[in-house]
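Participant: Got a structure here, written out as structure tokens. Questions coming.
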Amino acid sequence: MRAPRCAAAFLCAFLFSSAVGAKTIPLRIVHTNDIHGWIMSRPEPKAGGRVIGGAAALAAVIGAERAKGPSLVLDAGDWFQGTPEGNFSRGAALAEIFNSLGYDAVALGNHEFDFGEETLRELIGKISVPVLGANIRRVSTGEGVDYVKPHILKTVAGIKIGIFGMVTRTVPERVFPNSVAGLLFAGEIETAKEAVAKLRKSGAEIIIALTHVGQESASRPPFEGDRAIAAAVEGIDLIVGGHTHAAIPNPVAEPSGTLIVNAGAYLKSVGIATLEFDDETRKMVSRSGEVRPLWVDAVGEDPDVARIVERYRREVGRELDVVIGRAAAELETDHRRLSPAGAWATDCERKWTKTDIAFLNGGGLRSGLAEGPVRLRNVFEMMPFDNYLMTLYMRGSSVRKILEHGVSFAPHVLQTSGIEYVWNEAGPRGKRLSSIRVRGRKLDDDETYSVTAADFMVWGGDGYSAFAEGTDPVKTRELVRDVLAWCARRYSPIEVPDLARAGAK
């Protein structure tokens, strides 16, 4: 039938938009990523102590969004590793939260493998919602593992929605080797193409990818992340991303039409994506997104979820809410350069082991210290990983390789003590160092130095392969965080270290 003629252009536009609006179904996707165990609300020092975050505040937002119409709740991985509530329960706290909040699907992140495959299998058994991981395979067979699903097909408001999950193929670099022994992590683009084809064949009208892969940016070493996936894989409508902890406040669709969203990290905020679907043409009309801060005084808290959170907080609080020292000033973290928290932590390592140099991978530090009382909880949150200190001897040439990797290729800038250096942030990767001094003298490539580092680094984590060139490695009995707790007790009040040891130009 021929469309009616309009007397005025504005009238045509009005009639057209009204018709489209009548046929359009708005689908809301509430999304989280990189929660890292932060189910608790807490004061935000940079906002005058205003309380932010946590699962109870998230639950309030989810309830409000569900009341508006069709919705999904999704998570893109790294659920529990990072707080006592998350770690001590081996993720059970997050399993209970996912179940209570009625998530529709969650994807695995690299830190879900930190305690090994069997612990992960046990955790997934406690989660009543689908857990997705399409690119996790057995080395022996090439087949997927039996404790996760590659994808699901879900119908919401009459729309068939395909959802698949992926974790970064660099998982073996992010965890201890024995935690992922026998597993391989297939390429993300290849996996995404396979998943999209299968879901479309099954009738999916909208396809959502939960990707714990990360978003590329000029400030990070080059890698194939969500933007590469969106460009190479046709048919993905929405990528709910994680891993890089970088919120995308106002997402804009990629040239391919794919919208990439990320809610940040540590459950301080939540993402809301809206997909407008035309019920007549069965096509997407528009897609948009936003990130909302979880200020408790603005969004409120769900009382039932608040009780779950308080139960876990009490369980660990008896042991960890104990004051062990005082910080004379705030010690911040900064993954782009040597930070006050990183300098203090590596100074503590070197005081314990009495070596020439101490290194700590930047991603190992998850938070700093606020000015005032320092509790065991604060130290745990600063270094939540079960990493042990190791000592070894290294030639200057190997130390140079470690330092160059740490300012050029590592996911986060290396944190150091006992070594002075200058590096050019804009220089070519692998050739950024302009000077290095140890023991007050220029680094000698042929001289031997004593070195302290976390076992994660010594075993090649985050790509620090040059540690294999060291000799006489000794694994101490001390966890890094236990050494930091000793240091907080012994050298209180904690002062901000001198950061002149490392200069970026």
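The values are calculated or read from the model by the stated rules, or taken from the named source; none is laboratory data. Just so it is clear, the structure is predicted and the values come from calculations on it, not from any experiment. Using ideal geometry, Cβ is built from the backbone for each residue, glycine included, and neighbour counts are taken over all protein chains shown.
Participant: Can you tell me which of (1) at pLDDT 95 or above; (2) over 25 Å from Pro428 (Cβ atoms); (3) not hydroxyl-bearing (Ser, Thr, Tyr) is the one Ala468 doesn't meet?
Facilitator: (2)
Participant: Sort out which residues of region 144-166 are of a type in the set (Phe, Trp, Tyr) and either closer than 16 Å to Pro70 by Cβ or not in a strand (DSSP E or B) (or both), and write them in order of number.
Facilitator: Tyr147
Participant: Select, from Val451, Val458, Val474, Val483, the only residue that is at pLDDT 95 or above, within 19 Å of Gly342 (Cβ to Cβ), more than 26 Å from the chain's Cα centre (by Cα) and of a type in the set (A, V, I, L, M).
Facilitator: None of the others qualify; the one that does is Val451.
Participant: Please verify whether region 139-156 includes one or more residues that are buried (at least 22 other Cβ atoms within 10 Å of the Cβ), modelled with pLDDT of 95 or more and among the β-branched types (Val, Ile, Thr).
Facilitator: No, region 139-156 has no match at all.
Participant: Here's a follow-up. Can you confirm whether Pro473 is more than 12 Å from Leu403 (Cα to Cα) and either free of Cβ contacts under 8 Å to residues at least 60 places away in the same chain or not in a strand (DSSP E or B) (or both)?
Facilitator: Spelling it out, it is not the case that Pro473 is more than 12 Å from Leu403 (Cα to Cα) and either free of Cβ contacts under 8 Å to residues at least 60 places away in the same chain or not in a strand (DSSP E or B) (or both).
Participant: Let me ask something additional. Let me confirm something: among Gly372, Gly364, Gly342, which residue is surrounded by fewer than 21 Cβ atoms within 10 Å (Cβ to Cβ) and not assigned by TED's automatic domain parsing to the domain that holds Pro221?
Facilitator: None of the others qualify; the one that does is Gly372.
Participant: Here's something else I'd like to know. Read through the list (1) of a type in the set (S, T, N, Q); (2) at pLDDT 95 or above; (3) more than 28 Å from Gly214 (Cα to Cα), then give the number of the only condition that Ser18 fails.
Facilitator: Among (1) of a type in the set (S, T, N, Q); (2) at pLDDT 95 or above; (3) more than 28 Å from Gly214 (Cα to Cα), Ser18 violates only (2).
Participant: How many residues does region 401-411 contain that are surrounded by 21 or more Cβ atoms within 10 Å (Cβ to Cβ) and not in a helix (DSSP H, G or I)?
Facilitator: Here the count works out to 1.
Participant: Looking at this structure, is Ala228 surrounded by fewer than 24 Cβ atoms within 10 Å (Cβ to Cβ), modelled with pLDDT of 95 or more, of a type outside the set (Phe, Trp, Tyr) and part of a helix (DSSP H, G or I)?
Facilitator: yes
Participant: Still on this structure, please answer the following. With a cut-off of at least 2 residues that are in contact with a helix residue (DSSP H, G or I) (Cβ under 7 Å, 6 or more places away or on another chain) and within 26 Å of Leu132 (Cβ to Cβ), name the strands (runs of 3 or more DSSP E) lying wholly within region 242-302.
Facilitator: 269-278
Participant: Right, something else. From the list Glu310, Glu330, exactly one residue is assigned by TED's automatic domain parsing to the domain that holds Met382 and closer than 26 Å to Val51 by Cβ. Which is it?
Facilitator: Result of the check over Glu310, Glu330: Glu330.
Participant: Now for a different question. Quick one: which of Thr168, Thr258, Thr191, Thr155 is under 14 Å from the mean Cα position of the chain (by Cα) and not acidic (Asp, Glu)?
Facilitator: Thr168
Participant: Right, next: Report yes if Pro411 is in the same structural domain as Ala327 (by TED's automatic domain parsing) and touching a Pro at 6+ places or on another chain (Cβ under 9 Å), otherwise no.
Facilitator: Yes: the conditions hold for Pro411.
Participant: I'd like to verify a number: residues in region 101-119 that are without any contact (Cβ under 8 Å) to a residue 60 or more places away in the chain and either among the hydroxyl-bearing types (Ser, Thr, Tyr) or surrounded by fewer than 22 Cβ atoms within 10 Å (Cβ to Cβ) (or both), how many?
Facilitator: Of the residues in that region, 5 qualify.
Participant: Take the residues in region 231-258 that are buried (at least 24 other Cβ atoms within 10 Å of the Cβ) and aliphatic (A, V, I, L, M); name whichever of them is nearest to Val299 (Cα to Cα).
Facilitator: Val240
Participant: Filter region 191-220 down to the residues that are assigned to a loop (DSSP other than H, G, I, E, B) and in contact with a Leu (Cβ under 8 Å, 6 or more places away or on another chain) and list them by number.
Facilitator: Scanning region 191-220 gives Ser202, Gly203, Ala204.
Participant: So, in region 422-448, how many residues would count as being part of a loop (DSSP other than H, G, I, E, B) and either of a type in the set (Lys, Arg) or within 30 Å of the chain's Cα centre (by Cα) (or both)?
Facilitator: 10
Participant: Which residues, counting only those in region 65-94, are outside any loop (DSSP other than H, G, I, E, B), farther than 15 Å from Asn33 by Cα and either touching a residue at least 40 places away in the same chain (Cβ under 8 Å) or touching a Phe, Trp or Tyr at 6+ places or on another chain (Cβ under 6 Å) (or both)?
Facilitator: Glu65, Lys68, Ser71, Pro84, Glu85, Asn87, Phe88, Ala93
Participant: Taking strands (runs of 3 or more DSSP E) that fall entirely within region 317-400, which contain at least 3 residues that are more than 16 Å from Ser450 (Cβ to Cβ)?
Facilitator: 323-327, 372-375
Participant: Would you confirm whether any residue within region 434-444 is in the same structural domain as Phe359 (by TED's automatic domain parsing), surrounded by fewer than 21 Cβ atoms within 10 Å (Cβ to Cβ) and in contact with a Lys or Arg (Cβ under 6 Å, 6 or more places away or on another chain)?
Facilitator: No, there is no match, as no residue in region 434-444 is in the same structural domain as Phe359 (by TED's automatic domain parsing), surrounded by fewer than 21 Cβ atoms within 10 Å (Cβ to Cβ) and in contact with a Lys or Arg (Cβ under 6 Å, 6 or more places away or on another chain).
Participant: Out of region 123-143, which residues are outside any loop (DSSP other than H, G, I, E, B) and touching a helix residue (DSSP H, G or I) at 6+ places or on another chain (Cβ under 9 Å)?
Facilitator: Leu123, Ile124, Val131, Ile136
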